[in-house]
Amino acid sequence: MPAAATSAGGDEPVLSLRDVSFTYLEGEKPALSHFDLQVPQGDFLGIIGPSGAGKTTLAAVLSGAIPHHYRGTFQGVAMVCGMDTVEVELTDVSRAVGSVLQDIDAQMISSNVEDEMLYGLENFGVPHAEIPDRLEWALRTVGIQDLLHREVSTLSGGQKQKVAIAAILAIRPRVMVLDEPTAALDPASSRSVFETLRLLNEEEGITVVVIEQKVALLSEYCRHMAVLAEGSLRFHGTPREVFAHGEELRALGVDSPRVTRVSNQLARYGLTPTNEVCLNVEEAVETVARVVGDRGAGFEVARRTVSEEPPVGRPVLNFDHVGFSYGMGGASVEDLTFQVRHGELVGVIGQNGAGKTTTTKLINGLLRPSRGTVEVCGEKTTSQRTSQIARHVSTLFQDPDRQLCKNTVLEEVAFSLQLLGVADDVATERARSVVSRFALPEDAAPFSLSRGQRQIVALASVVVTEPDVLVLDEPTSGLDYRECMEVMAAVDEMRRKGCGVVMVCHDMEVVSDFASRLIVMANGRILADGAPADVFGDEELLARAYVSAPQVAQLSKRLADEVSPAFGGITEVHDIVEVTRGLARQ
Amino acid sequence: MSNAVEYSEGTSPLHRANPVSKVFLAICICVSTFLAQGYPMLLGLLAFTVGMSFLGGVGRRTLKLLAGLLAVSAVMFLIQTAISRQGQIVFLWVTDHGASVAAHAGIRLLTFALPLMVMLWVTRPTDLANAFVEVLHVPYKYAFTITTALRFVPIFSEEMDQIVEAQTARGVEYDSGNIFHRFRLMMPLMVPLLISSVSKADDTALAAEERGFYLRTRESSYKRYPMRALDLAIMGVGVALVVLGVLF
């Protein structure tokens, strides 16, 4: 247990904020106001909250970047490992608190893993004789010994996160603060990063503070949670205590894990005690089984069935034995055959590197197939320029900033139409109606808006062209719950109007809520193409693709096997609750 | 992935040599290029550089770059022939004197660009910074600036690629028209790139400071960078090349 020796007693909090307020130099409102927080030694604290709640600012205060790096007005007292951050240098704080920034490329100082690992050790004056052991230990603890001689630019997102964590770990801090370490990662890599953090917390006694949007994942790993909104602390407690306030959290724009919603709703109907909050599928199975008792057998409940007519008509998109390979690097694809029809939302799921993004580029014409054919609205992409394909296909990219280039929101949205040859005045008129539908400020500069708002501007500039095919590449990453729902509601409306949607997405809850069909990819090939309920019910298939079913699908499968066949194939929280009530009422 | 400045892993003598002596040699070749007057010397310097790159295991990369540079060099040649018009006209507007000046300029452009690139390919940026701090007593701040700039080259070029892709998918016609037309279309994209690079640079500065940037001294580096016999030999070759440049 290095770093465990605290001053007498050891129950003094390792991080302590008393009445802390901070206003950025360029900001009008305080990003944090009158903030109080105590974090005990050895805690694993998850920080959640909607965008703009002050999460990143809080991380900066805990790591000393505020008041030392970011300029603004700081009030109150921030004590870190017994030091008042105002009175010491940032470097002194950094010896005790390691921090991993949100932008992982900026976090990396060297172009090579070994140099990255050495950097902190060298600067903090670790005796050179000790360095090889420290380095070896940090790499082994994080489980990345094999990466030592790699160039940073050749690493995957998950590997970069682990290198960043190992480079901090080597300095042996008492606290680690991480800002959305899994934002760009697929579910398997996200879990792997959290496993690493758990290890550091439990084996090495390091206090971990992590900002995270993936609440279900976070609640499995963290000991305590802090919910921020508008710069202040709204809830602080164990995940169970925090998620007992599901309704209030939702009002703040914070999602709860789906199984928690099940237990909260059962509690509201008086079927379970209010303090019984489920955090994982296992607990939810137990709770529902207890409520249902032995009334589960041989009972059928009329469920709300999905009343979508199967999509008909000619496909808007047709892949026929499509293959593509890059010269070097990049994920190749092989033998892709599928169709997308009007009014369908096809979710494409699979691990990073499975070929999902390559597939989207084959749709919007950024890539042309080297084998087979891709047809958009009946025309082969090989015989058209990308700008011609753009008349039928619109793409919403993961990072909206790459899409935005104009000075005002209105110009930005109108520009999409102008590119397709629509006359300026007509374009402006159509843009204006779309901009007002999304309640966006017409004259604001896109880059002055928040991350979520920028995504919605990008979405508006995609929606305005009324495309036949809409391609979405991780449309909800980096968004909070409310923004995510706003984006997806707009997408769903497009689909109902007849647009064929192809969505690449790591968030299985979003996929399960909105997709009418799923394509599962692994190693550049399609493993399966079918209804979400069938795909998520096939454990062997999911294991091969390294994805896991959303919580509700896992829950309904377990319940169908163990409690009552009535639960089979359910994909929504509401239906689980209704079936449980129906069975309990018997 | 096209990364113009990326380090190529290797164990050749060039990889093992001290970064300071490698930079010295590269600069000597450049100086010699300016001093040399005759074609044999200029072509010799070019051949020396290419040979050296094969020794460092980056020969194919060098030939690829050379092929690319030849196009630039050809443009240089044409421009020079248009500017220097003394002497007898031998072909259209090209004079004998002009052709000679232009040929020199064309070859010089190649021998000027190549050595520095080859040097970067066989040297880790961090080693470059550390060696300059240790051997030449360059303040770490400046060394860090240079290595960070090198590190950002691939990051920004990828960022730019993705911005262009996003705009292309929207229907901006980068895939048609001439190079000036395309350049005009690219201009508005510089703003988002600039905004993201400023915030990235600020984040990197913070990340460095949080890992003891200000504590770093000349003794900090775990690796040492002594000047060995090999390095003296390399520097000797560099001096010799400059002398040859003066003579021929």
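Assorted remarks:
- Taking each residue of region A:1-29 that is at positive phi and at pLDDT below 95 and looking for partners that are among the hydrophobic types (A, V, I, L, M, F, W, C) and in a loop (DSSP other than H, G, I, E, B) with beta-carbon atoms closer than 7 Å, six or more apart or interchain, yields A:ALA3/A:ILE206.
- Which numbered condition B:GLN88 misses (of (1) closer than 14 Å to B:VAL122 by Cβ; (2) surrounded by fewer than 17 Cβ atoms within 10 Å (Cβ to Cβ); (3) in contact with a strand residue (DSSP E or B) (Cβ under 8 Å, 6 or more places away or on another chain)): (1)
- Test result for A:ARG525, in contact with an Asp or Glu (Cβ under 8 Å, 6 or more places away or on another chain), open to solvent by 20 Å² or more (accessible area, probe 1.4 Å) and not small (Gly, Ala, Ser): yes
- Residue match in region B:198-210 (condition: touching a Lys or Arg at 6+ places or on another chain (Cβ under 7 Å), in a helix (DSSP H, G or I) and either open to solvent by less than 60 Å² (accessible area, probe 1.4 Å) or within 13 Å of another protein chain (Cβ to nearest Cβ) (or both)): no
- Contacts under 6 angstrom Cβ, first residue in region B:223-248 being touching a residue at least 24 places away in the same chain (Cβ under 8 Å), partner surrounded by fewer than 19 Cβ atoms within 10 Å (Cβ to Cβ) and of a type in the set (Gly, Ala, Ser), 6 or more apart: B:PHE248/B:GLY38
- The sole residue among A:THR386, A:THR360 that is within 17 Å of A:ARG525 (Cβ to Cβ), within 13 Å of chain B (Cβ to nearest Cβ) and surrounded by 18 or more Cβ atoms within 10 Å (Cβ to Cβ) is A:THR360.
- Matching residues, region B:214-248, being open to solvent by less than 30 Å² (accessible area, probe 1.4 Å) and part of a helix (DSSP H, G or I): B:ASP231, B:ILE234, B:GLY238, B:LEU241, B:GLY245
- Top-ranked residue of region A:135-160 - restricted to ones that are of a type in the set (Lys, Arg) and within 14 Å of another protein chain (Cβ to nearest Cβ), ranked as nearest to the chain's Cα centre (by Cα): A:LYS160
- Scanning region A:206-233 for residues that are open to solvent by 40 Å² or more (accessible area, probe 1.4 Å) and either assigned to a helix (DSSP H, G or I) or more than 30 Å from A:ASP19 (Cα to Cα) (or both) gives a single hit, A:GLU220.
- Positions within region A:65-97 being outside any strand (DSSP E or B), within 14 Å of another protein chain (Cβ to nearest Cβ), out of contact with any Cys (no Cβ under 9 Å at 6 or more places or on another chain) and among the hydrophobic types (A, V, I, L, M, F, W, C), in sequence order: A:ALA65, A:ILE66, A:VAL88, A:LEU90
- Any hit, region A:72-81, residues being without any contact (Cβ under 8 Å) to a residue 24 or more places away in the chain and closer than 26 Å to A:ARG198 by Cα: no
- Criterion (open to solvent by 30 Å² or more (accessible area, probe 1.4 Å), closer than 27 Å to A:VAL547 by Cα, modelled with pLDDT of 90 or more and not β-branched (Val, Ile, Thr)) met by exactly one of A:GLU203, A:GLU283: A:GLU283
- Close contacts from region A:40-54, counting a first residue that is farther than 16 Å from A:VAL210 by Cβ and a second that is at pLDDT 90 or above and of a type in the set (Asp, Glu), with Cβ to Cβ under 9 Å and a gap of 6+ residues or different chains, come to A:PRO50/A:GLU230; A:GLY52/A:GLU230.
The values are calculated or read from the model by the stated rules, or taken from the named source; none is laboratory data. Only a predicted model underlies this, so the values are computations on that prediction, with no experimental measurement involved. Every residue, glycine among them, receives a Cβ derived from its backbone with ideal geometry; neighbour counts consider all protein chains shown. Side chains are part of the model used for accessible areas, which takes the heavy atoms of the whole protein and leaves out ligands, DNA and RNA. Shrake-Rupley method; radii C 1.70, N 1.55, O 1.52, S 1.80 Å.
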